[in-house]
Amino acid sequence: MSTSDPPLENPQVALGPRLLIALGLLFVFLLGVKGLGDGFRLLGEDLIQTFFTATENPLIGLVVGLLATTLVQSSSVTTSMIVALVAAPENPLPLSNAVPMIMGANIGTTVTATVVSLAHLGRRDEFERAFPVAVCHDIFNYLVVLVLLPVEMATGFLRRLAGACAGLLGGVGGIEYQSPLRGALSFGFAPVETLAETLFAGDGMRSVFLISVGALSIFFALFFLVKVMRSAMHSRVEHVINSVLGSSAVVSILIGVVVTVMVQSSSITTSLLVPLAAAGLLRLEQAFPVTIGANIGTTVTALLAAMAVSGQNAGAGLEIALVHLFFNLSGLVLIYPVQIVRRVPLNLARGLTRVALWSRRWTVVWITLLFYGLPALCIVVNRFLQ
């Protein structure tokens with residue numbers, strides 16, 4: 001080595017502290033995601049029960065599931081509520097009404113990652129990498145609904161398949177699982193919730209406070225997390241990600257399933273992909289199968305909820321949970337195996353990103369209208385026409 005060459009940095013010394021910083025920022029990021037979810041849930045809790053009463057029209061049922069999930073920021077919460085309503089001992093929600101709501105919940109759960117990607121709006125190169133990874137989940141679920149909702153309305157094949165399989169699981173019950181990560185996030189965010197309860201008396205102001213804290217936490221964590229990962233760990237992390245997610249689509253899908261089952265939230269799984277993509281560590285083709293796996297993994301919550309209910313309508317609750325599982329498995333079979341079909345959501349995601357880059361300010365507007373404004377308008381119009 002020439003005397004003029006700079007000394008080599010000890011990779012172990014360099015990597016250790018930066019890894020701890022990245023993990024700390026990742027925890028702050030997840031706290032922000034939880035803050036958004038808790039804030040929207042507090043804001044929308046009273047509205048959801050009202051929405052669920054207007055579900056005789058399948059399209060309205062789809063919109064109700066979408067809007068309810070965007071309000072509580074969790075398809076697990078929405079689908080568990082749907083299971084409880086279908087399995088209610090008195091005045092249960094009809095199974096046929098619940099199926100479109102389950103499909104809408106699948107679309108609504110994608111909003112979290114999309115909102116998280118907006119934190120990169122001010123940095124064009126990061127946004128260009130992060131946004132398609134976020135919206136490919138939206139596009140995939142929309143495409144699956146466009147195909148399967150008409151088929152289900154015409155044939156009822158999901159309900160028939162779920163009904164045939166429900167008997168095999170009818171005796172299983174009493175299974176509960178508490179995610180340790182969710183417990184840690186609840187503990188970490190508890191002081192903020194206590195402060196909100198101390199400062200504000202009404203649910204409306206508390207929800208605004210929690211959403212604001214969550215959004216600030218996400219922006220803060222992403223800004224520094226991307227810098228740490230990109231500057232200090234780029235080559236190592238990129239190699240690991242390429243080795244794991246580039247080896248097999250089946251492995252990537254299973255990773256999405258397992259992580260989502262562990263954390264009990266597909267929103268967390270898909271949101272974790274966004275900063276990795278923004279830092280240039282994850283490509284859209286690598287992220288896509290993980291999001292599909294997250295779709296499948298999130299159905300476990302409804303299955304566990306269905307196995308915990310009892311009474312004369314418990315079988316119906318199990319059936320709607322199985323509908324959720326078979327819907328997502330059908331989406332996987334429809335879109336992923338054939339390359340020309342698989343590239344449709346990827347190309348649409350890239351095209352939508354080009355539109356978003358053309359007018360980033362309007363991107364926030366149309367995302368808000370798509371996930372909140374349009375569904376709410378459909379429900380209001382439907383109630384007015386009744």
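General observations
- Each peptide in 335-344, 122-131 gets a packing score, the mean of other Cβ atoms within 10 Å over its residues, and the list from highest to lowest is 122-131, 335-344.
- Scalar couplings 3J(HN,Hα) for the range 130-138, obtained by applying the Karplus form with A = 6.51, B = -1.76, C = 1.60 to θ = phi - 60°, are 7, 4, x, 5, 6, 7, 5, 5, 4 Hz; x denotes Gly and Pro.
- Order of Cys165, Cys378 - criterion: other Cβ atoms within 10 Å of each residue's Cβ, fewest first: Cys165, Cys378
- By average C-beta atoms within 10 angstrom, highest first, the peptides 201-208, 346-353: 346-353, 201-208
Values quoted throughout were computed directly from the atomic coordinates according to the rules given, and no laboratory measurement underlies them. Since the model is a prediction, treat every value here as computed from it, not as a measurement. As a convention, Cβ positions derive from the backbone with ideal geometry for all residues, glycine included, and neighbour counts pool all protein chains shown.
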